[in-house]
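Written below as structure tokens is the structure these notes are about.
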Amino acid sequence: MALANLVHATSFFDVQANNPQVAGDPTSNTTAKFPTNKQNEPTIAVNPTNSNMLLLAGANDEQREPPCGPGTVRGPDALDNDCSFFPGVGTSGVYASSNGGTSWTNLGVLDDQAAWQASPFVSDGDPVIVYGPKPNGSGGFSYANGARAYYASLASYKAGQSPFTSNPNKAPPELIVVSYSDDNGNTWSAPVIAFTKENPNNFNDKEDIWADRNPNSPFFGRVFVTWTQFRSANQLPAEPIVVTYSADGGSSFTAGKQLSPAGNNGTGNGRQGSAVRSGPDGSVYVGWEQGSAQVVAISRNGGDNWSKPIAIGPVADIESPIPGANFRTDSFLELAADPRAGSSRLYAAWVNRTAGGGRVVVSTSTNKGESWGALQTVSTAGEGYAFFQGLDVAPNGRVDIGYQALKTTHPSTFGTGNATIDAYYVKNSGGGWSAPVKVTTTSSDPAASAANSLTQQFFGDYNTLVSSNAKAWFIYTDSRNGAGCPAVDNYQKNLATALKPAPQVDCPPVGTKEFGNTDAFVSVITP
């Protein structure tokens, strides 16, 4: 579908959110070594009581991880090419802005907090941050005293603190936890397990969180968490979507509801990538990818009962990796509801594979999710191969989408200098979708980033966008400050025969740029 030829007065600037790259070290933007200099899978939230000023963001953040090779943490006998995650080191980063995203401060990781240090958990990333109203002390919620921020994260037990350690044949589970802050991210509560049933076989993954923020909703203040629950060590054959909620400001959560079938017969019946949102009437929507379709389940009573999955539209997963690059991808969806009183509009966005590459598509429901319209394609070939979209609806009903897209010189190979990535923005203010606008000032090279194993490039699994009436903020993984490494390129192309490189030996800096350096960048957009 052709995009509307709208007059587009969009302006923007882009800024690093994790600044400096290592909290407390002002030199670290140029001196931190891999994997300490690695951030991805960013999340962003805007405080609804001061939407033009206060923002929180987070990411998978390895700023507390030791650099590769021998050292005071890994020990003198560590291999030069050992870049693995170090046990007991948290990876859920927090960044704050008090001026609408113009500048940011790296607040460290959740595990720096006293409440986390006293808990049995270590954060494992996959973060999502959202704001909601504060509890009012009488069993309800109010914005009178400001807003409460919620941070959902993966977590595992610290060494010796798992209840399953008595059985050496049972691996400890990966848990979903929620922590909250009442002072815009400066201090955080102890983590609370967002599901009361633990199981040592479960690997819980790709969570989302949402707070009902509409004072007219009968469930105002209720917090919902969804995720994929892999129920065996090899992540097959059972992987249902699960939802739980808190009615007390994140202090406790319900036992949870299974929204999808659990079985996966290995023929594409898997379920991943859940997203949860609520509408102005309190309806709650959970969407996810199931087989060849994006689907949604609906609750009209605050999460106690749910409909069967309703088809939104077809999904064709984008190529993983995208030709010309070597990082994994997905086609997880985003949901957003029009927050205006009386509105029945709901939006879903994801990226479909086409003959011309990845394209961002949107489907709209005008009847509270009961049925969905035909897909509208809102990205074009001009931006390249699209991936990792973000979606939100502003209080005035404007729909905002951000996404990244890759262009390549040689799609049949990959490596330093072969591909560039930029971020783009489109909007719909009621007259159709605008043409895409690039909202990055400097392109990224995906070869500047790598998984800790070095076997692939790595850009994470998602990005996030939030909106106010005046602004949209799109946060994404960015490697403009990183440098590729020919030794790592060669290793990734010849895994069966090449020796694994040692980044600190084989990947010298290029000027002030270090190998592996990825940041969480925010494009602050005036629509």
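So, in segment 468-479, how many residues would count as being open to solvent by 10 Å² or more (accessible area, probe 1.4 Å) and either among the basic types (Lys, Arg) or within 15 Å of ALA59 (Cα to Cα) (or both)?
As a first pass, look at segment 468-479 and keep what is open to solvent by 10 Å² or more (accessible area, probe 1.4 Å): 469-471.
Add one more test, that the residue is either among the basic types (Lys, Arg) or within 15 Å of ALA59 (Cα to Cα) (or both), and what stays is 471.
Of the residues in that region, 1 qualify.
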If a residue has to be small (Gly, Ala, Ser), outside any strand (DSSP E or B), within 30 Å of ASP14 (Cα to Cα) and open to solvent by less than 50 Å² (accessible area, probe 1.4 Å) to count, how many in segment 78-112 make the cut? 3
For segment 4-17, does any single residue satisfy the condition of being open to solvent by 40 Å² or more (accessible area, probe 1.4 Å), at pLDDT 95 or above and under 23 Å from ALA152 (Cα atoms)? no
Determine which single condition ALA149 fails, assuming it passes every other condition in (1) crowded, with 23+ Cβ neighbours inside 10 Å; (2) outside any strand (DSSP E or B). (2)
Would you mention how many residues in segment 328-354 are in contact with a Gly (Cβ under 6 Å, 6 or more places away or on another chain) and among the acidic types (Asp, Glu)? 1
What are the pairs with Cβ atoms under 7 angstrom where one residue, in segment 248-267, is at pLDDT 95 or above and the other, located anywhere, is of a type in the set (D, E, K, R)? Sequence gap at least six, or different chains. GLY249/ARG148
Where residues in segment 307-317 are open to solvent by less than 50 Å² (accessible area, probe 1.4 Å) and either closer than 15 Å to LEU335 by Cα or in contact (Cβ under 8 Å) with a residue 40 or more places away in the chain (or both), which of them is nearest to the chain's Cα centre (by Cα)? VAL315
In segment 397-453, residue most open to solvent (accessible area, probe 1.4 Å) [restricted to those that are under 22 Å from VAL362 (Cβ atoms), out of contact with any strand residue (DSSP E or B) (no Cβ under 7 Å at 6 or more places or on another chain) and touching a residue at least 40 places away in the same chain (Cβ under 8 Å)]: SER429
Do we find that LEU465 is open to solvent by less than 30 Å² (accessible area, probe 1.4 Å) and either in contact with a helix residue (DSSP H, G or I) (Cβ under 7 Å, 6 or more places away or on another chain) or within 26 Å of ALA498 (Cα to Cα) (or both) in this structure? no
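Listed here are the residues, each with its yes/no results for (1) more than 23 Å from ASN463 (Cα to Cα); (2) of a type outside the set (A, V, I, L, M, F, W, C); (3) in a strand (DSSP E or B).
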residue: PRO339; (1), (2), (3): no, yes, no
residue: VAL351; (1), (2), (3): no, no, yes
residue: ARG359; (1), (2), (3): no, yes, yes
residue: LYS368; (1), (2), (3): yes, yes, no
Output the number of the condition that PRO127 fails; it satisfies all remaining conditions of (1) touching a residue at least 12 places away in the same chain (Cβ under 8 Å); (2) over 25 Å from the mean Cα position of the chain (by Cα). (2)
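For (1) in contact with a Lys or Arg (Cβ under 7 Å, 6 or more places away or on another chain); (2) of a type outside the set (A, V, I, L, M, F, W, C); (3) at pLDDT 95 or above, each residue gets a yes or a no:
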| position | (1), (2), (3) |
| --- | --- |
| ALA447 | no, no, yes |
| THR464 | no, yes, yes |
| ARG480 | no, yes, yes |
| TYR491 | yes, yes, yes |
| ALA496 | no, no, yes |
| LEU499 | no, no, yes |
| PRO508 | no, yes, yes |
A careful count of residues in segment 479-504 that are in contact (Cβ under 8 Å) with a residue 60 or more places away in the chain and within 19 Å of the chain's Cα centre (by Cα) gives 0
Condition test on SER320, is it among the polar types (S, T, N, Q), open to solvent by 10 Å² or more (accessible area, probe 1.4 Å) and either within 30 Å of SER453 (Cα to Cα) or in contact with a helix residue (DSSP H, G or I) (Cβ under 7 Å, 6 or more places away or on another chain) (or both)? yes
Look through PHE459, PHE387 and report the one residue that is in contact with a Leu (Cβ under 9 Å, 6 or more places away or on another chain), modelled with pLDDT of 95 or more, within 24 Å of PRO323 (Cβ to Cβ) and buried (at least 24 other Cβ atoms within 10 Å of the Cβ). PHE387
Anything in segment 335-358 that is charged (D, E, K, R) and open to solvent by 30 Å² or more (accessible area, probe 1.4 Å)? List them, or say none. ARG340, ARG345, ARG353
The residue that is modelled with the highest pLDDT, considering only those in segment 152-180 that are aromatic (Phe, Trp, Tyr) and assigned to a strand (DSSP E or B), is TYR180
For segment 500-527, enumerate the residues that are open to solvent by 10 Å² or more (accessible area, probe 1.4 Å), part of a strand (DSSP E or B) and charged (D, E, K, R). LYS513, GLU514
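The values are calculated or read from the model by the stated rules, or taken from the named source; none is laboratory data. Model, not experiment: these values are computed from the prediction. So basically every Cβ, Gly included, is an ideal-geometry build from the backbone, and we count neighbours across all protein chains shown. Each accessible area value is taken on the protein alone, full model and side chains, heavy atoms only, with ligands, DNA and RNA left out. Shrake-Rupley method; radii C 1.70, N 1.55, O 1.52, S 1.80 Å.
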